[in-house]
Amino acid sequence: MTSQDIPAVMEIENRSFPTPWSASSFRYEIDENPYASLFVVRSPEPPGVIAFACVWVIDEEMKINNIAVHPTWRQRRIATRLLRFLLEFGASQGCGEASLEVRPSNAGALALYRKSGFRQVGRRRRYYTDTHEDAIVMTCPLAPPGKPWKGP
């Protein structure tokens, strides 16, 4: 992801999350956060950027902050492929584990994460400030350094 992608990413972000990140948050992640890696999936057809993800790699853990697919491109396994790429990326960076938080009401994301090898390890009570919904904390083991992630 580059700064030029932010308008397209913001369209996906605003259509995907009840409390979206701001454009300045993405700009900070791209330009200033040394732990952040941001990725986009592009299509030759409009709208161009059809999915994105933001992760932090800190020590031996990869934290998936957000992953989203443009609504008109959903149900085409793009999120599955993007998540697989992220897990392979984490393994290539020497991470032993990936983690994330997800809303209990987000059935599609929960199914994707479980299918991809994530397991629930905790719950953050009233995590989401907009609805006071809990967050389910999930982790997925990654391959040891030097060995590619194979997935479930």
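The values are calculated or read from the model by the stated rules, or taken from the named source; none is laboratory data. All values reported here derive from a predicted model rather than from experimental measurement. Backbone-built Cβ (ideal geometry, glycine too); neighbour counts: all protein chains shown. Accessible surface is based on the protein model in full, side chains and every heavy atom, while ligands, DNA and RNA are left aside. Shrake-Rupley method; radii C 1.70, N 1.55, O 1.52, S 1.80 Å.
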**Q.** Conditions (1) among the aliphatic types (A, V, I, L, M); (2) open to solvent by less than 10 Å² (accessible area, probe 1.4 Å); (3) under 30 Å from PRO7 (Cβ atoms); number of the one not met by ALA109
**A.** (2)
Q) Can you spot a residue in segment 83-102 that is touching a helix residue (DSSP H, G or I) at 6+ places or on another chain (Cβ under 6 Å) and within 19 Å of SER16 (Cβ to Cβ)? A) yes
Q. Across segment 67-79, what is the number of residues that are among the β-branched types (Val, Ile, Thr), surrounded by 14 or more Cβ atoms within 10 Å (Cβ to Cβ) and assigned to a helix (DSSP H, G or I)?
A. 1
Q | Selection from segment 15-56 of residues that are at pLDDT 95 or above, under 20 Å from ARG76 (Cα atoms) and open to solvent by 90 Å² or more (accessible area, probe 1.4 Å) | A | ARG15, ARG42
Q: Kindly provide the set of residues from segment 18-58 that are within 23 Å of ALA91 (Cα to Cα), of a type in the set (Phe, Trp, Tyr) and either touching a helix residue (DSSP H, G or I) at 6+ places or on another chain (Cβ under 6 Å) or assigned to a strand (DSSP E or B) (or both), ordered by number.
A: PHE39, PHE52, TRP56
Q. Can LEU83 be described as closer than 17 Å to MET138 by Cα, touching a Cys at 6+ places or on another chain (Cβ under 9 Å), in a helix (DSSP H, G or I) and in contact (Cβ under 8 Å) with a residue 24 or more places away in the chain?
A. no
Q. Can you pull out the residues in segment 71-119 that are within 12 Å of the chain's Cα centre (by Cα) and farther than 15 Å from PHE39 by Cα?
A. ALA98, SER99, LEU100, GLU101, VAL102, ALA109, LEU112, TYR113
**Q.** Residue count, segment 63-90 (criterion: over 21 Å from ILE30 (Cα atoms) and touching a Lys or Arg at 6+ places or on another chain (Cβ under 8 Å))
**A.** 2
Q: Could you list all residues from segment 1-10 that are touching a strand residue (DSSP E or B) at 6+ places or on another chain (Cβ under 8 Å) and over 22 Å from CYS95 (Cα atoms)?
A: ASP5, ALA8, VAL9
Q: Quickly run through segment 86-98 and pick out the residues that are open to solvent by 10 Å² or more (accessible area, probe 1.4 Å) and either part of a strand (DSSP E or B) or not charged (D, E, K, R) (or both).
A: PHE89, SER92, GLN93, GLY94, GLY96, GLU97
